[in-house]
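One structure below.
Computed from the coordinates by the stated procedures, all read-outs in this text should not be read as laboratory data. Predicted model, so just to flag it, every value in this text is computed and none were measured. Methodologically, a virtual Cβ is constructed for each residue, glycine included, from the backbone with ideal geometry; neighbour enumeration extends over all protein chains shown.
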Amino acid sequence: MPNSYFALLDMAIVGVPTILFVVWQLVSINREIARDKAKKAVPPEESPERPGHAVGEHRLDDR
């Protein structure tokens, strides 16, 4: 078997898992982005008009 075949075999052993890993990461990231967009699309539960802390607890309440 010529040396070129061993080189091709070596590239296949290293290259195929590397390409599969990259594709898997891209799919995983795209799914995570889609989940984040779906979360943002759902409006949060009704929030009160005022902040949820006691009056005077926050310096912006002193205005």
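When the trypsin sites (Lys or Arg not before Pro) in segment 1-39 are filtered for DSSP coil states and for at most 11 other beta-carbon atoms within 10 Å of their beta-carbon, no site remains. Placing a label point 7 Å from the Cα of residue 40 along the Cα-to-Cβ direction, the residues of segment 14-33 whose backbone N falls under 20 Å of that point are 26-33.
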